[in-house]
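Asks: Below you will find the structure I want to go over with you.
Please treat every number below as a calculation from the coordinates, not as lab data. Remember, predicted model here, so these are calculated numbers, not experimental data. Here the Cβ is made from the backbone with ideal geometry for all residues, glycine too, and neighbour counts use every protein chain on show.
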């Protein structure tokens, strides 16, 4: 693993297996932009508990295993820390979500260049659609 | 379906941890402030059932904790 890995959580009313998102990620992976490390589909019960759902038909063997290991295996009694995050912060009770681990291959050299230049992170955010429209 | 217990993972930015926010809440703190409490407060301890005061006075008298005079006085306060 070399590039920064993003955790992307996308909610759905129902599990969506259209394949369009995975196809786009495949395209970006082919272009060397990102790499889909893993994707996991979870369902949160009304009582707050999480269950993993089966991967889409035709998915590669073991899909979701890495994400489940990284994001699961917690202690239900653990107190959250202000610097930590869990799926419970993102997925509301009764929700279904796809959780993707996406390695940003393009960023590896940029992060390395910043570090080599002695730069240190002071701020990092995304512009809103409103501000992007002003570009 | 397999049960998954979410683990607390440390948040960081693409270029690393962003430590200084000019005295304002960090994104992590702001995020936490918008979240409902994930753990319900512990339930209050159960209140013991209320005893019959006359029976309690009888017991205290039997055990010699209070005298007959004290018993009569307290019994009069309790009523029937």
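Asks: In nm, to one decimal, how far is the residue A:66 label point from the residue A:20 one, both placed 7 Å along Cα→Cβ?
Replies: Distance between label points: 2.6 nm.
Asks: Take the Cα pairs of the protein assembly as shown, get the Kirkwood Rh, then feed it into Stokes-Einstein at 10 °C and 1.306 mPa s and tell me D in µm²/s.
Replies: Numbers: Rh = 22.1 Å.
After rounding, the answer is 72 µm²/s.
Asks: Express in nm, to one decimal, how much length is gained between residue B:77 and residue B:10 on full extension, taking 0.36 nm for each residue of separation and deducting their alpha carbon distance.
Replies: Length difference between fully extended and current span is 17.8 nm.
Asks: A further question follows. Multiply the residue separation of residue B:1 and residue B:55 by 0.36 nm, subtract the distance between their alpha-carbon atoms, and state the gained length in nm to one decimal. Each step should come with its number before you reach the end.
Replies: Values: separation 54, 0.36 × 54 = 19.44 nm, distance 5.69 nm.
Here the segment from residue B:1 to residue B:55 would lengthen by 13.8 nm.
Asks: Something else about it: Round to the nearest 0.05 the FRET efficiency obtained for residue A:31 and residue A:120 when R0 = 45 Å and r is the Cβ-Cβ distance.
Replies: 0.90
Asks: How far apart, in nm, are two points set 7 Å out from the Cα along the Cα-to-Cβ line at residue A:84 and at residue B:66?
Replies: Between residue A:84 and residue B:66, the simple spin-label model gives 5.4 nm.
Asks: What distance in nm separates the two pseudo spin-label positions at residue A:109 and residue A:129, each 7 Å out from Cα along the beta-carbon direction?
Replies: The modelled label-to-label distance comes out at 3.3 nm.
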